[in-house]
1. May I ask you to list the residues in the stretch 140-161 that are more than 16 Å from ligand 2 (Cβ to nearest atom) and either among the acidic types (D, E) or at pLDDT below 90 (or both)?
2. Is at least one residue of the stretch 97-108 surrounded by 22 or more Cβ atoms within 10 Å (Cβ to Cβ), within 16 Å of ligand 2 (Cβ to nearest atom) and either of a type outside the set (D, E) or at pLDDT 95 or above (or both)?
3. Determine the pairs where a residue that is within 22 Å of R30 (Cα to Cα), located within the stretch 195-220, has a partner that is in a helix (DSSP H, G or I) and away from ligand 2 (no atom under 16 Å from the Cβ) with Cβ atoms under 6 Å apart, the partner being 6 or more residues away or on another chain.
4. Please work out if D191 is touching a Phe, Trp or Tyr at 6+ places or on another chain (Cβ under 6 Å), surrounded by fewer than 21 Cβ atoms within 10 Å (Cβ to Cβ) and either free of Cβ contacts under 8 Å to residues at least 60 places away in the same chain or not in a strand (DSSP E or B) (or both).
5. D25 - would you say it is closer than 18 Å to A231 by Cβ, more than 16 Å from ligand 4 (Cβ to nearest atom), in contact (Cβ under 8 Å) with a residue 40 or more places away in the chain and surrounded by fewer than 17 Cβ atoms within 10 Å (Cβ to Cβ)?
6. If you scan the stretch 113-130, which residues turn out to be within 16 Å of ligand 1 (Cβ to nearest atom) and touching a Ser or Thr at 6+ places or on another chain (Cβ under 6 Å)?
7. Sort out which residues of the stretch 142-175 are over 23 Å from A34 (Cβ atoms) and part of a helix (DSSP H, G or I), and write them in order of number.
8. Any idea how many residues of the stretch 144-159 are more than 29 Å from W81 (Cβ to Cβ) and surrounded by fewer than 17 Cβ atoms within 10 Å (Cβ to Cβ)?
Amino acid sequence: LETEQALRRALTCDELVVHYQPLVDVASGRITGAEALVRWMHPTRGLVAPLEFVPVAEETGLIAAVGEAVLRGACAQAAQWRTDGHPLRISVNVSGAQLQDGTFVPLVADVLRATGLPADRLCLEVTESTLVRWATNGRESLDRLRATGVLLSIDDFGTGYSSLSYLQDLPMTELKIDRSFIARLARDARDLHLVEAVLGMARALGLTVVAEGVENADQHAILRGLGCDRAQGFHFAAPQTAAAFGRLLRDSD
Ligand code: G
Ligand code: G
Ligand code: MN
Ligand code: NA
């Protein structure tokens, strides 16, 4: 309850900040996108991670306001980087409750209009387990979002018990392999074969693939050999402030 009160204050006092982690093209290593990751600059507790307050926001209904703040901030930032000569794709995490909310699709349209960001430069990430749990109620939103040109990603893939027919049926465009499968990629042949199989399945379904949690050059090299499209992880860069990300973009020119 204390957290709910504090979260309401955070929303009105601009204590929520968005950090950005690069997504790189595996073949070239160049930055092609950024994932927006919310943090709470708590006046006494310091930087609070989303796992500590996103669940509270979901339970209390505050996720609509939190999600809107992140979406507006991230799209405005992506539009700015675009103006600066870096037409990146921005990825924003979306909760099940947001998908189910009838005001979400018009909100996305409004944010794109307000920022001037092209629809295909925005990618909305929904975890595999959220898709399994909310797809019935959220399905209409997914279809409408995809019809506007927004990209749709299955986050944390491999942890959520979805079925093949299910994946084939949903209007998703991208799949992010959960970092637990990448962690042992260079040491465990089973994980190597699993990732290879997921890449084959994704191709058959017309989905591009992002490997999450890439932490070293060996993993990057293996993913390059497997033909994985994009990657994200500490090997390339950690989530960082918009200012630091902007410097990263300038240095990569
Ligand atoms: O940034 P960090 O690695 O701590 O993120 C932890 C989790 O929080 C991730 O699973 C991520 O998807 C989730 N998360 C980060 N930002 C947001 C957000 O803006 N909205 C929602 N719903 N989840 C987020
Ligand atoms: O939405 P998602 O759960 O994928 O959010 C990404 C989370 O993964 C963030 O909390 C981010 O800080 C974390 N992360 C990003 N790169 C790495 C990495 O290379 N290794 C590990 N262990 N975590 C990472
Ligand atoms: Mn994500
Ligand atoms: Na993930």
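1. Let us first name the residues in the stretch 140-161 that are more than 16 Å from ligand 2 (Cβ to nearest atom), namely 140-150, 161.
Matches in the stretch 140-161: E140, D143, Y161.
2. Yes, that holds for at least one residue.
3. Going by the 6 Å Cβ cut-off, the qualifying pairs are L199/L226; V209/L199; V209/A202.
4. Working: touching a Phe, Trp or Tyr at 6+ places or on another chain (Cβ under 6 Å): yes; surrounded by fewer than 21 Cβ atoms within 10 Å (Cβ to Cβ): yes; either free of Cβ contacts under 8 Å to residues at least 60 places away in the same chain or not in a strand (DSSP E or B) (or both): yes.
Spelling it out, D191 is indeed touching a Phe, Trp or Tyr at 6+ places or on another chain (Cβ under 6 Å), surrounded by fewer than 21 Cβ atoms within 10 Å (Cβ to Cβ) and either free of Cβ contacts under 8 Å to residues at least 60 places away in the same chain or not in a strand (DSSP E or B) (or both).
5. Yes.
6. In the first step, residues of the stretch 113-130 are kept if they are within 16 Å of ligand 1 (Cβ to nearest atom); the result is 122-130.
Within the stretch 113-130, C123, E125, E128 qualify.
7. The answer is D143, R144, A147, L164, S165, Y166, L167, Q168, D169.
8. To start, the set of residues in the stretch 144-159 that are more than 29 Å from W81 (Cβ to Cβ) comprises 158-159.
Imposing the further condition that a residue be surrounded by fewer than 17 Cβ atoms within 10 Å (Cβ to Cβ) reduces the set to 159.
Going through the stretch 144-159 one residue at a time, the tally reaches 1.
The values are calculated or read from the model by the stated rules, or taken from the named source; none is laboratory data. Not measured: the values here are computed from a predicted model. Cβ sites come from the backbone with ideal geometry, for glycine too, and all protein chains shown count toward neighbours.
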